[in-house]
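Only the coordinates and a few stated rules stand behind these numbers; no lab work does. Computed from a predicted structure; not experimentally measured. So basically every Cβ, Gly included, is an ideal-geometry build from the backbone, and we count neighbours across all protein chains shown.
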Amino acid sequence: MYEHSQNARDLQDRLGAFMEAHIYPNEHAYAEALATAHDRYAPIPLMDELKDEAKEAGLWNLFIPPALAEFADHDGLTNFDYAPLAEMMGRVLWSPEVFNCNAPDTGNMEVFMKYATPAQQEEWLTPLLAGEIRSSYAMTEPQVASSDATNIELRIERDGDEWVLNGRKWFITGAMNERTKIFIVMGKSAPDHPDRHKQQTQVLVPKGTPGLEVIRPLTTLGYDDAPLGHAELVFKDVRVPADNVLLGEGRGFEIAQGRLGPGRMHHCMRLVGAAQRSLELACKRASSRETFGRPLAKHQSVREEIAKSFSEIEMARLLVLKTSHRMDEAGTQGALDLIAATKSTVPLLIQNVIDRCMQVHGAGGLTEDFPMAEAFNYARWCRQADGPDQVHMMSLGKQIITRYTE
């Protein structure tokens, strides 16, 4: 039923070879460079070298779909054809940036492609596509339940030829990075509008704008995710030109919905790769360690955990592929049920798989000697990012009940 295009199969071979030649051999070097860096959020020279290699290999901006191919150096890849490539990148959590396919930049670049003016594209999209700068998407807030995006309180008010922003944001990925130059900020410009989905506006705020302050880096289960990082921000009388609005006043919620669908799937694609690698490492570990006079691989309980993990990875992969295929055929709006099913199922499923693989590694599985602990953290925060599990299940349940009762 599922067959990838010849171009996609060729890219899988080339990307796989690149991972073997350039990514896996540099995992230790990358970790060492980050650990010894004077500034953990500054560019890592090794990353720049790898980016040049990826560009030379024609493995750049692979996330761009056919509908937006005018912005790519290739014909664009469908969600279905991109899925196995994102899975490969997910095997090493920092590797997507090597190919300019990392969050939040991919989602932000699609926002610029779809909704920005030519002038905005020239100023921000062009250097993002080239990998020269980074970007952040500022929506989540600490003082309200941001799982309901209509709750956000950051005020965006018009004052002559300027927008004035006041409020607080947190868990803003990429905000700490030295190369991040632009924030896409969502706030309320019409809090009294009767349609609560038209109260929001998104505006562009360059980093360094007076009144925009990075309060602190945040961690998830102890990981600071440097050199990108997640930050808490304060906007205090931040002023930007009126031309910095995206799409138009009151259309912020519309932009958010258009941005988050593909992004949710990209996370799930990468998580499958993280789980697959964890399983492979667990199998090697089980075959090389002995307890009670025989290899772990000969213990029934270990075999059961391996079997369960294999089955669940296959289920996750197939759900990702089916959802990607539906998105290609029917668009994001036509695949809302499967997107919700994927986003509420895959991160938890993968979290549990990685947990089992950590257990097979004993105490070592909790350390940075292996990739599982960081991958577990990634899976866990993906259950909150781009909408928590409960919101997606609530939405999906409503759709399914309506489908079978109307």
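A few remarks follow.
- Nitroxide proxy distance, nm - points 7 Å out along Cα→Cβ at Asp13 and Asn151: 5.1
- Farthest toward positive dipole pole in the chain [+1 Lys/Arg, -1 Asp/Glu at C-beta], among Asn151, Tyr115, Ala242: Asn151
- Loop-located GluC sites (Glu not before Pro) in the range 113-176 (DSSP state not H, G, I, E or B) with no more than 14 neighbouring Cβ atoms inside 10 Å: Glu132, Glu153.
- Extended-chain gain in nm, criterion 0.36 nm per residue less alpha-carbon gap, Ala330 and Asp161: 56.8 nm
- Label-point gap, in nm, between Ile133 and Gln399 - each point 7 angstrom along Cα→Cβ: 3.5
- Residue-span extension gain [Glu32 to Thr117] - 0.36 nm each, minus C-alpha spacing: 26.5 nm
- Charge-dipole axis of the chain as Lys and Arg at +1 and Asp and Glu at -1 on Cβ define it, positive-most pick from Ala330, Pro65, Phe376: Phe376
- The chain - convex hull of the alpha-carbon atoms, volume per residue in Å³: 152
- Along the chain, the longest continuous region that contains none of the chymotrypsin sites (Phe, Trp or Tyr not before Pro) in a DSSP loop with at most 12 other C-beta atoms within 10 Å is 3-291.
- Debye intensity ratio I(q)/I(0), log10, the range 316-366, q values 0.16, 0.23, 0.24, 0.26 Å⁻¹ (C-alpha model): -0.53, -0.76, -0.80, -0.88
- Over all projection directions, the Cα-based convex hull of the range 125-193 averages an area of 6.0 nm².
- Normalised per residue, the volume of the convex hull around the Cα set of the range 6-129 (Å³): 104
- Taking amide H positions as modeled 1.01 Å from N, with prolines and chain starts lacking one, the residues under 5 Å from Glu162 and 5 or more places away or on another chain are Ala242.
- Applying 1/(1 + (r/R0)^6) with r as the Cβ-Cβ distance of Lys298 and Leu46 and R0 = 41 angstrom yields a FRET efficiency of 0.50.
- Computed from label points 7 Å out along Cα-Cβ, the spacing between Glu53 and Asp243 is 4.1 nm.
- Test item: Cα-centred dipole of the range 296-369, Lys/Arg +1 and Asp/Glu -1 on Cβ, debye: 180
- Rg and Dmax over the alpha-carbon atoms of the range 134-251 stand at 13.8, 44 Å.
- Cβ charges +1 (Lys, Arg) and -1 (Asp, Glu), total dipole of the chain, debye: 1300
- Computed [θ] at 222 nm, helices only, for the chain once each DSSP H run of length n ≥ 4 contributes -39500 (n - 2.57): -15000 deg cm²/dmol
- In range of the label at Asp39: residues from the range 226-249 whose backbone nitrogen is under 19 Å from the point 7 Å along Cα→Cβ: 226-234
- Student exercise, the range 260-406 dipole from Lys, Arg, Asp, Glu Cβ charges, in Debye to nearest 20: 260
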